[in-house]
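Take a look at the structure below.
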Amino acid sequence: MPNWSLPLPRGRVSRSALTSLAVAAFAASLLSVPAEATAEDVVTTCASTVASSVNAAQALAVSCGTSVEALDARTPYTQVVADPAGTMTMASSLVPRWVPRSDGSWADVDTSVEARADGRYAPIASLADVSFSPGGDTVLASLHSPTGQTLTLSWPSPLPAGMLDGDAVLYPEVFPEVDLRVRATPTGFTHTLVVKTAAAAANPALARIPYVLGGDVSIAETAQGGLSVVAGGELFATADPAVMWDSTTLSGSAARSLDTSSVDEAGDGAQIAPVEIDLAGQTMALVPDPDLLTGPDTVFPVYIDPDFNTDEKNWAYANNANTTWGATPTSALARVGRDPDPSHNWLYRSMFRFPTDANGVNLDGKQILNAHFVITLYHSYDCAPTSVYLYRSRTPTSPRTSWTNAKLDKYLTSKSAAANKGVCYDPEDPKLDFTSTAMKTDVQLAAKEKWNYYTVALSARDSGGAGESTQGRWKKFDQSTALFKVEYNSYPDPPSEMKVGSTYCEDNDEILKSGSTHKLSAKFGDDDKTQQTLTGKVYWRQVGAATWTVKPTSTTVGNERASYQLPALQDGHYEWYMQSNDGVIDSKVSKTCRFEVDSSSPAPPEIDSLQYLECDPDVSCPVNDVPGLTADFTFSTADDAVKYLYDWSASPLTPVMAPSIGAAVTIPLTPPSYGDNVLYVRSVDAAGNQSGDATYWFKVARASPAIAGWGLEDGPASEFPALTNTVFGGQNLTTSGALSWSDGVRLVGASTAQFNNGGWAETPNAVLDTSKSFSIGAWVRLASTATSGTIVGQDGTYNNGIYFGYVASSNKWEFRFTTNDSADYAWAPNAVSDVVPKVGIWTHLAATYDAKTGDASIFVDGALQGGESTVHVGSHWSAPGKMRLGAGLHKGVVTDFWRGHIAQVRVFNRVIGVDDIVEGANDLQPLMAATPVGRWDFDTDCCGTAVNRLIGWGHDLSLQEPAIMEQLGSGYALQTVDGSGYAQTEPTADLQAGSLNTDQSFTVAAWVQLGDLRDFSTAVSQDGVNMSAFRLQNRKVTIDGVETSQWCMTMRNTDEAGSGITKACTTEASTLGLTHLLGVYDAARGEIRLYVNGAQINDSGELLPSATATMAARMWDSTGRVGVGRGQDANSVTTANPDGDCDMFSGFVDDVQVFQGAMTTAQANAFYDSVRGA
């Protein structure tokens, strides 16, 4: 094990003292750091000298201007430090400096032995888990492996009481005048017998000294005469060949070296001999050399010293006699030159091996800036300085390598110094720092070739190969202070991910770019990315130019993009590359990237369609007799187009690729509206240049109406009986099973079909040819998500050809097609909604199949669903059977019953779109139009009553004095004076007081003119038991200290007195002028929308509400009166005001209209346009 003894001029210090000195020397040579720190608990401030990681250390070093150690790179032998300049330094020692603890912290090596709680002795901090006997019949030494195995070594008889001696335990008189001393080392232990006299040496017991081995490890002899210990299949420890030495000293001129023998190692004049190790079973016997033990020239004491070591040995010596001397490779002193012992005058070399890896941080591929080998000179032969020479050598074989293997492969540098401890006593121990350009270059080779170790040798041979026998060059070095220190820098990565604009450069491909200005960019990278500010250069030229233009790029931090904005370029071919620099060195250059600048625009394309004939918009256009159907449109150009952009509005965005450059392309398109349509198309060349818009004008005939329809509800709005086909001559429905009728579930005053998980309605025959284009629309109210349910299907013999409904497994609305009409059918790709169905909410669904494209789509509340809602089904078989509502057919069995309500089913033999569903095509009513259930224009007055102009819905308004009908413009309006008077509906025996189901979507509109800006003025409301469900009103508020008024659509969260509200209010102040208000509650979205004088138009031309808000929970259903000119609040109830009337309106209210259903923004704007002209 390492002999940590450091000879001093007046005796020797203990090995534990030497360890402390060595650690201090190492830290002083690089960076002093707290041993206790862990990678997890480091606080990275400028007061810190450590950081948790290399990246963190780099960042802290640069920002604070100080050196910072990276704890995650620390090993027992190596330290990595980030330098303020952005470089790194790795320092490695021969001996361990730190010991890792189980909690992640580090402790300085401290081999001082102390008593443990269990009574045994152990070092304070060592890499070896070793303990020693306190004396008596206990194991002398116990060494534990990391995998849990144990090696024990015992004295053959009970031990005397152990005496602590620094890093050792002394057991006196184990034989007469023979002491046994065990010593802790940083990586194991030694055990030395000290034979004090010739009489003691004559004891027959010393001829063969048997130690007892134990534990659960395997022990074997090595070829060199030492021992190897294997634990858990891995080499755990080794014991070097044992040696013994006496205390003979030198005399005469050789006395210039005064080192004498000690328990730690042989002196310069000592007689040395090997000790045989005889391993047999559980016995390890030491057999001393008898000639040295009892010889006539032997000088006592004599020392017999084997060791056990748990780590690799990193230095070795060689002499030209290939003879072992009395020290192990972990002894403190390394010998160089000609030994002054006149009896042999051997030549010595010492080799030192250092790792180039620190816990994954290594020198591989790094730029080496400086390299140093530092070691302390303890003794020199001469008093005047003489030279010692440093070479790169081979990895040593410890403890002693042969002279022929002690190669001096490459001369590096030399140093001259003196430290004689003899006749001209020199107290100084100079630290020699070997560094040179040759050494830096050689370490650079090691980094390039990724060596795991770098080995140097000290020799007295000069660079010319002479002088190794010169006596004056004899020296001894303290190997425990040896340090290999390398300052390095990570080469910046070659720039990568190169782009011209937004286009990446591909190998051997030329990028085409339009326009004259372009940005070049590339990703810069560096292993030191967190702290390296990278600069760069770009080299560019027009292909064929003689010289490159070189310009600086933007600066960046590693792993980010750097760029350069080119000046305006003429059309032509260009090439470029980049190179980065980390402030120390340039990277390798990037690959060369090429691009072409082409700024010329292609010609606009030609557009043609055989089905939809083009016309001149300035001339009367013929109407194409192919309404609402998909047709082929062909785009062609004589130019170099690679794709086309098309759309139904200017500046088209939808791309379609040409099959080849300049080739025509034909695609199926469905005109979006009826009447005038314009298709806009552009050509785009490979450089991205776009042509101007080509336009194709054509006119489409009015929408073809539904071919079948069933209201499935009876009430004032029903044009036909519930089960009668609304199309003249169409097929009526018959019902079967559990089907009933629910009053007021969709419309107050109407009853709607309720399907009770077992009932359905069906036609006698097929309604659709499902192999051709068709569409279906319906209002539905889902009662449960427990099982799947069919809204509409059309039968084959065994299966539905189509299925439109709710699917429980996906919890989505789905539009499905079966692949065939057999028991072995499968499902074709399904169109699936994005939105999740909501139970109890009326939802409008539409499904459409385009036989031309083979695509199927779903619309939910007028919105085409994204994702999987549009799928390619391809061609489809025609289901010949009846159409069934509320149930499906699978493998001949009626199943998948709908649970809930269905109303207003419509069937088309064409594709429908948003026009049909939301806006209405030409004079056709949109499928999801809100249903008007009340309109009071105050132009008809009978006996103090404002009549509901919607015949059959009831709910006339009764005027409450002093409200009157007064002239407003060309008609009449309700006038309230000073906030007094109002109008309201009243309940009847057959009808609730309210006109709306407020837990479902609804719309309310009115013209208003305020008489004053009082606190709260409600134009329209509907009562609950305690509170108004909604109020269309003016509210006075204070914003940023300024009092103002706002138009609001206010919803009460519950019917409890004092409950909170959710409101959508304008940001612009309300005025006293005539204003149109329209409020919407959209139950499907939980959204409140307010429109003041129609929709707002943003900068992009989009229609938007004046204000929006979102309800936190579903709205509740109120059944009370519709109030015009007031609200309701239970907190306002008094004897004089028993109904809690509040927020009284002052001014005029006219043309109040209420709708069941949520108007879309487009519908709200169209509605405003219609009433504005009324």
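The values are calculated or read from the model by the stated rules, or taken from the named source; none is laboratory data. Predicted, not measured: the structure shown is a model, and the values here were computed from it. Glycine also receives a Cβ, built like all others from the backbone with ideal geometry; neighbour counts cover every protein chain displayed.
Residue count for the stretch 818-844, restricted to those that are touching a strand residue (DSSP E or B) at 6+ places or on another chain (Cβ under 6 Å) and either of a type outside the set (S, T, N, Q) or closer than 25 Å to PHE633 by Cβ (or both): 11. If you go through the stretch 1068-1087 and pick out every residue that is more than 37 Å from the chain's Cα centre (by Cα) and free of Cβ contacts under 8 Å to residues at least 40 places away in the same chain, you end up with 2. Looking only at residues in the stretch 500-516 that are surrounded by fewer than 19 Cβ atoms within 10 Å (Cβ to Cβ) and in contact with a Ser or Thr (Cβ under 8 Å, 6 or more places away or on another chain), which one is nearest to THR553 (Cα to Cα)? Looking at the filtered set, the residue picked out is SER516. The condition of being touching a strand residue (DSSP E or B) at 6+ places or on another chain (Cβ under 7 Å) and within 18 Å of PRO290 (Cα to Cα) holds for only one of PRO210, PRO160, that being PRO210.
So which of ALA1136, ALA1162, ALA1113 ends up being modelled with pLDDT under 95, of a type outside the set (Phe, Trp, Tyr) and in contact with a helix residue (DSSP H, G or I) (Cβ under 9 Å, 6 or more places away or on another chain)? Checking each option against the conditions leaves just ALA1162.
Of the strands (runs of 3 or more DSSP E) lying entirely inside the stretch 479-563, those containing at least 2 residues that are closer than 15 Å to ASP582 by Cα and among the β-branched types (Val, Ile, Thr) span 533-542. Return a yes/no flag: does the stretch 840-851 have any residue that is surrounded by fewer than 18 Cβ atoms within 10 Å (Cβ to Cβ) and either modelled with pLDDT under 90 or in a loop (DSSP other than H, G, I, E, B) (or both). Scanning the stretch 840-851, I find at least one residue that is surrounded by fewer than 18 Cβ atoms within 10 Å (Cβ to Cβ) and either modelled with pLDDT under 90 or in a loop (DSSP other than H, G, I, E, B) (or both), so the answer is yes. Restricting the first member to the stretch 501-516 and to residues that are in contact (Cβ under 8 Å) with a residue 12 or more places away in the chain, and the second to residues that are exposed (fewer than 13 other Cβ atoms within 10 Å of the Cβ) and not in a strand (DSSP E or B), the beta-carbon pairs closer than 6 Å and six or more apart or on different chains are SER516/ALA568. When the criteria are applied in full, ALA56 meets the requirement of being buried (at least 20 other Cβ atoms within 10 Å of the Cβ), in contact (Cβ under 8 Å) with a residue 40 or more places away in the chain and either of a type outside the set (Gly, Ala, Ser) or outside the structural domain of ALA285 (by TED's automatic domain parsing) (or both). Filtering the stretch 1029-1067 down to residues that are in contact (Cβ under 8 Å) with a residue 60 or more places away in the chain and not in a strand (DSSP E or B), which residue is nearest to LEU1104 (Cα to Cα)? The qualifying residue nearest to LEU1104 (Cα to Cα) is ASN1053. Going residue by residue through the stretch 697-708, is there one that turns out to be surrounded by fewer than 20 Cβ atoms within 10 Å (Cβ to Cβ), of a type in the set (Lys, Arg) and outside any loop (DSSP other than H, G, I, E, B)? Yes, some residue in the stretch 697-708 is surrounded by fewer than 20 Cβ atoms within 10 Å (Cβ to Cβ), of a type in the set (Lys, Arg) and outside any loop (DSSP other than H, G, I, E, B). State all residues of the stretch 959-976 that are over 14 Å from VAL1008 (Cα atoms) and touching a residue at least 60 places away in the same chain (Cβ under 8 Å); if no residue qualifies, say none. If the condition is that a residue be over 14 Å from VAL1008 (Cα atoms) and touching a residue at least 60 places away in the same chain (Cβ under 8 Å), then ALA963 is the only one that fits.
Return a yes/no flag: does the stretch 802-822 have any residue that is farther than 30 Å from GLY1086 by Cβ, among the charged types (D, E, K, R) and surrounded by fewer than 16 Cβ atoms within 10 Å (Cβ to Cβ). No, there is no match, as no residue in the stretch 802-822 is farther than 30 Å from GLY1086 by Cβ, among the charged types (D, E, K, R) and surrounded by fewer than 16 Cβ atoms within 10 Å (Cβ to Cβ).
A single member of ALA1084, ALA1112 is surrounded by fewer than 17 Cβ atoms within 10 Å (Cβ to Cβ), touching a strand residue (DSSP E or B) at 6+ places or on another chain (Cβ under 8 Å) and aliphatic (A, V, I, L, M), and it is ALA1112. Considering each residue of the stretch 960-971 in turn, none proves to be assigned by TED's automatic domain parsing to the domain that holds ILE858 and either touching a helix residue (DSSP H, G or I) at 6+ places or on another chain (Cβ under 8 Å) or of a type in the set (S, T, N, Q) (or both).
Residue count for the stretch 234-280 under the criterion of being farther than 30 Å from ASN420 by Cα, modelled with pLDDT under 85 and part of a loop (DSSP other than H, G, I, E, B): the result is 2.
So in the stretch 392-402, with the set limited to residues that are touching a Lys or Arg at 6+ places or on another chain (Cβ under 8 Å) and surrounded by fewer than 17 Cβ atoms within 10 Å (Cβ to Cβ), which one is modelled with the highest pLDDT? Among residues in the stretch 392-402 that are touching a Lys or Arg at 6+ places or on another chain (Cβ under 8 Å) and surrounded by fewer than 17 Cβ atoms within 10 Å (Cβ to Cβ), the one modelled with the highest pLDDT is ARG394. If the condition is being of a type outside the set (D, E, K, R), over 13 Å from GLY913 (Cα atoms) and surrounded by fewer than 20 Cβ atoms within 10 Å (Cβ to Cβ), then the stretch 852-869 contributes THR853, GLY854, GLY866, GLY867.
Can you tell me which residue in the stretch 64-84 is farthest from PHE354 (Cα to Cα), limited to those that are of a type outside the set (Ser, Thr, Tyr), part of a loop (DSSP other than H, G, I, E, B) and touching a residue at least 24 places away in the same chain (Cβ under 8 Å)? Step by step, filter the stretch 64-84, then rank; the result is ASP83. Among the residues of the stretch 656-688, just one is buried (at least 21 other Cβ atoms within 10 Å of the Cβ) and among the polar types (S, T, N, Q), namely SER683. THR998 meets the conditions (1) of a type in the set (S, T, N, Q); (2) crowded, with 19+ Cβ neighbours inside 10 Å; (3) out of contact with any Ser or Thr (no Cβ under 8 Å at 6 or more places or on another chain) in every case but one. The failed one is (3).
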